[in-house]
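Inspection log for the structure reproduced underneath, given as structure tokens.
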Amino acid sequence: MFKITPLFKKTALAFLILGIGLAALPAASASAAELYEETDPPAVESVATERLEQAWARLQEAYARQDERLGKADEFIARVQALIDKANAMGYDTSAVQAALNAFAAAIPAAQAAHEPGAAIIAGHAGFDENGNVTDLAAAIDTAKALRQVLKDTRAAMGGTGQALRDAIRAFREANGPFSAETPPTP
């Protein structure tokens, strides 16, 4: 019985201190709440407009990169063909790389045809002003979707031939190593 009394006193004292501490908290948090102004969250339309403007800018950048690559395709094909010719002259087997390059070159006209409508979409920029700001949300959404579809159609027209060419070149290098005019292929 003597052991229970000190334990009871300590527990009661702990609850009393905890109660006093908790009683002080609501007054402190209520005064802190007065320091902050309540603000409304941004309107859903303004968030959608901002995201659409960012998406439009990214789509235009992607279109410009794609346009640049397609514009340099003939130069790239000529450069790779020169390397293939050089490797053939040295006795290397380049049939896989040549086949991949031929498929890549054959896909370029279809990709350029699929890519062309994007220029008109960007020039018209329906729903956007000259700075890329949304003026008509519904029209801007349709415009962004149309440009995205042009980018997808262009990639689809290439049919993975660019990746196939990279893979063929990588396989050639792994099989033969880097070559130069001084080192003929090993039998």
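No value in this document is a laboratory result; all are computed from the given coordinates. Because the structure is a prediction, the values reported are computed rather than measured. Using ideal geometry, Cβ is built from the backbone for each residue, glycine included, and neighbour counts are taken over all protein chains shown.
Taking the Cα centre of the range 46-176 as origin and assigning +1 to Lys and Arg Cβ atoms and -1 to Asp and Glu Cβ atoms, the resulting dipole is close to 500 debye. Each part reduced to its alpha carbon centroid, the range 65-90 and the range 132-161 end up 28 Å apart. Once label points are set 7 Å from the Cα along Cα→Cβ at both R166 and A12, what is their separation, rounded to one decimal in nm? With each label point 7 Å from Cα toward Cβ, the separation is 7.8 nm.
Among V134, V47, sorting on how many other beta-carbon atoms sit within 10 Å of each Cβ, with the fewest leading, yields V47, V134.
Each other residue within a Cβ distance under 14 Å of N176 adds +1 if Lys or Arg and -1 if Asp or Glu, for a net charge of +1. Across the alpha-carbon atoms of the range 46-176, the computed radius of gyration and Dmax are 19.3, 64 angstrom.
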